[in-house]
Amino acid sequence: MKTHSKNKRLEIILCCASTKLETSQIKRLEKLVKDAVDWQPILDLAIEHGLINFLYYHLKNTCKELVPKNFFILLQRYYFQNSARNLSLSASLIKLVNLLKKNNITVVPFKGPVQAQILYKDPGLRSFSDLDILVKREDAVNARNLLFQNGFTTDIIIPDNQLIKYLAKENFFTLISRSGSIVIDLHWEMTGRYSLYPLYLEDLPGSLENAKLVDINILSLSCEDMLIQLCIHGTSHCWDKLEMVCSVAEIVKSNRIKDWDGIIRRASRFKCRRMIYLGLLLAKHLFDIVLPGEIEASMKNDLRINKLSKRILQNILKEKTAYTESLSWRFSPTHFLVRDNLFDMVHYFFRLLFRPTVREWIKYPLPDSLLFLYYILRPYRLIKDGLRGKNA
């Protein structure tokens, strides 16, 4: 980890944002903690960046005696509450996977507990609130109906005669358990439609891997596909949480990525090459990851991505996130500048402005004969709700 500024709060969190700390990091962390005066802002910032559990884990193992007792107890409580919830959600995910498999539906869990297990080897280190699963588009409706039969509900009911069009335009159903304690995002497209070209489970045959979740075998994204997904997801959120960059750094440091050329080929195909470069460049700046020479050279020569990464790093160091920008974060300059070329920028703008989302389907239910009106209702809703402070 590099020292980036005089922001000691952020530097303490960055020191802890790895699964393993080098000797130099431990010494630096001990010095920073010894000089720390006000712990509440440190805790607040760690929570904001999704790294509160890393903070507890490394302070416990390096310099517990230097942390005020009341704040250490608070950190400990956060960690164990998060671990208990994560284990409960992991058990629910296993039941869900088995249910779908018994009904001949191929299912690939991603993000959430799978990411915590594969990247961090500790279910308590990552905070998450829902379960994300990926199925084939042809199985999405059957999977949804199966979850309905097992007590889940949804806030959007799509008439049967509109499901094909909904599947083509959207990428997930959100389902909630009766108790409200389990939220499932049932995806049939992996990028959240943020990439200009959708990435379906059908595009991944041969690249899925076997993994273990709480000692149960499951299918998982390959490390190459996981890196692509992490970089697309991080860019879609303007990298506003350090945990997103930490995840990219951890998957690179694991040395499990073998096909870097394949990553760039696939990223070029799905128009997200610069998103990959941006995620890797941020991870390199913040966590000193080592990358193949060809990747390093390509990133160095991409002046736009270098400028964009500096802007994001400045925002992180100033504790300014994408959500503090004046426009809705979906309309952040980051989302346009990260596109691979000018045509893709224009394409993204018009798609963002006119392509209906789940919010239009929920707010304006229409009969089948009037579905075309969603392309008018989309800009109407954006204007009516206002871009400031509203989700696009």
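We did not get these values from a lab; they are worked out from the coordinates using the rules stated. Here the structure is a predicted model, which means the values were calculated and not measured. Please note: Cβ atoms are built from the backbone with ideal geometry, for glycine as well, and neighbour counts cover all protein chains shown.
Could you name the lysines in cross-link range of K165, using Cα to Cα under 28 Å and dropping any fewer than eight places away on the same chain?
Excluding near neighbours in sequence, the set is K101, K102, K111, K136, K271, K363, K384, K390.
Kindly put V33, V245 in sequence by how many other C-beta atoms sit within 10 Å of each C-beta, fewest to most.
Ordered from fewest to most neighbouring Cβ atoms within 10 Å, V33, V245 come out as V33, V245.
Which of the peptides 135-142, 268-275 is most tightly packed, and how do the rest follow, going by the mean number of other Cβ atoms within 10 Å of each residue?
Taking the mean over residues of other Cβ atoms within 10 Å, the ranking is 268-275, 135-142.
How big is the gap, in Å, between the Cα center of the stretch 177-191 and the Cα center of the stretch 218-266?
Between the Cα centre of the stretch 177-191 and that of the stretch 218-266, the gap is 22 Å.
Using alpha carbons only, how many degrees (0 to 90, rounded to 10) separate the axis of helix 140-149 from the longest principal axis of the chain?
80
Convert each backbone phi in the stretch 45-55 into a coupling constant with the Karplus relation 6.51 cos²θ - 1.76 cosθ + 1.60 (shift: θ = phi - 60°), then list the ³J(HN,Hα) values in order as whole Hz, x for Gly and Pro.
Using θ = phi - 60°, the values come out as 5, 5, 5, 4, 8, x, 10, 4, 6, 4, 4 Hz.
List the residues, sorted by chain then number, that are 5 or more residues from L131 or on another chain and whose placed amide H is less than 5 Å from its amide H.
V183, I184, D185
May I ask for the angle, rounded to the nearest 10°, between helix 342-354 and the longest principal axis of the chain, with both axes built from Cα atoms and the value confined to 0 to 90°?
Helix 342-354 sits roughly 60 degrees off the main axis of the chain.
Taking other Cβ within 10 Å of each residue's Cβ, how do T235, T357, T23, T174 sort, fewest first?
Starting with the residue having the fewest Cβ neighbours, the order is T23, T174, T357, T235.
Counting Lys and Arg as +1 and Asp and Glu as -1, what is the net charge of the other residues whose Cβ lies under 15 Å from the Cβ of L146?
With Lys, Arg at +1 and Asp, Glu at -1, the net is +3.
Residue by residue through the stretch 70-82, what is 3J(HN,Hα) from phi via Karplus (6.51 cos²θ - 1.76 cosθ + 1.60, θ = phi - 60°)? Round to whole Hz and write x for glycine and proline.
Each residue of the stretch 70-82 in turn: 5, 6, 5, 4, 5, 4, 4, 5, 4, 4, 6, 5, 5 Hz.
Whole number please: convex hull volume per residue, Cα atoms of the chain, in Å³.
So the per-residue Cα hull volume is 146 Å³.
Per residue of the chain, what 222 nm ellipticity follows from adding -39500 (n - 2.57) for every DSSP H run with n ≥ 4, rounded to the nearest 500?
Per the formula, -16500 deg cm²/dmol.
To the nearest Å, what is the center-to-center distance of the stretch 327-365 and the stretch 84-137, using C-alpha atoms only?
The two parts, judged by their Cα centres, are 29 Å apart.
Which FRET efficiency value, to the nearest 0.05, do you get for I362 and K101 by plugging their Cβ-Cβ distance into 1/(1 + (r/R0)^6) with R0 = 30 Å?
Efficiency, from the Cβ-Cβ distance: 0.50.
Based on other C-beta atoms within 10 Å, arrange Y194, Y364, Y166 from fewest to most.
Y364, Y166, Y194
From the phi of every residue in the stretch 92-105, what ³J(HN,Hα) in whole Hz does the Karplus formula 6.51 cos²θ - 1.76 cosθ + 1.60 yield, where θ is phi - 60° and glycine or proline is x?
Result, ordered by residue: 5, 5, 4, 4, 5, 4, 5, 4, 5, 4, 4, 9, 6, 10 Hz.
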